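Here's the structure we're looking at; comments come further down.
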Amino acid sequence: MYRHTQVGYLTLIVILVAALGIGASLLNEARPVAFGVAALLVIIAVLFSSLTVAVGDGELRFHFGPGFWRKRIALSDVKAATSTQSSWWEGWGIRVTPRGMLYNVSGTNAVEIELRSGRQFRIGTDEPEALVQAIRAAISVPHRT
């Protein structure tokens, strides 16, 4: 069983600073739009501040924050897992990229998952080798270069 949570500290700090800046503008005059934007930023910070990945019980599971955007993939559907890098321009969050979907909370390290259907996607992580090893052990796939 593998389970790891990566916290996107930079993302969290930037979003919360922006929310505080907007909130500070409310001290002079109450503005409903500014309050709404600040509240939305705090909600986004909570939902996307971390990414938890787990391998076990026949599944690869991952979710953002307290359980937002949950994904479950049967390990029997996984063909391969390889360590890779995302480009800085692919960003963080949930993204469509030329190499499939990217689920990322911070940094550029990722694990590319290839499914037996031919579809692929990437999961961002700060410990790509440990995640690759856990997936390979769970699906008993030899190392691929």
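The table below gives the values:
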read-out: Length gained when the stretch residue 126-residue 17 is fully extended (0.36 nm per residue, less Cα-Cα span); value: 36.9 nm
read-out: Area of residue 77 that stays accessible when all protein chains are in place (1.4 Å probe, Å², to 10); value: 80
read-out: Mean separation of Cα contacts under 8 Å, 6 or more apart, over the residue count of the range 93-145: relative contact order %; value: 28
read-out: Loop GluC sites (Glu not before Pro), the range 27-125, which have at most 15 other Cβ atoms in a 10 Å radius of their Cβ (DSSP); value: 29
read-out: From phi via Karplus (6.51, -1.76, 1.60), per-residue ³J(HN,Hα) for the range 98-112 in Hz, x at Gly/Pro; value: x, 9, x, 5, 10, 10, 8, 10, 5, x, 10, 6, 8, 10, 8
read-out: With Cα atoms, 0 to 90° folded angle of helix 128-139 axis to the chain main axis; value: 50
read-out: For the chain, fraction of C-alpha pairs farther apart than 22 Å, in %; value: 43
read-out: Solvent-accessible area per residue for the range 63-106 (1.4 angstrom probe, square angstrom); value: 55
read-out: Percentage relative contact order, the chain, counting C-alpha pairs under 8 Å, at least six apart; value: 21
read-out: Relative contact order (%) - criterion: Cα under 8 Å, at least six apart; region: the range 37-95; value: 23
read-out: Rg [Å, one decimal], Dmax [Å, integer] - the range 30-100, C-alpha atoms; value: 16.4, 55
read-out: Heavy-atom accessible surface of the chain: percent carbon and sulfur, 1.4 Å; value: 61
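The values are calculated or read from the model by the stated rules, or taken from the named source; none is laboratory data. Just so it is clear, the model here is predicted, and its values are computed rather than measured. With ideal geometry, Cβ positions are generated from the backbone for all residues, glycine too; neighbour counts draw on all protein chains shown. Areas reflect the complete protein model, heavy atoms only, side chains present, ligands, DNA and RNA absent. Shrake-Rupley method; radii C 1.70, N 1.55, O 1.52, S 1.80 Å.
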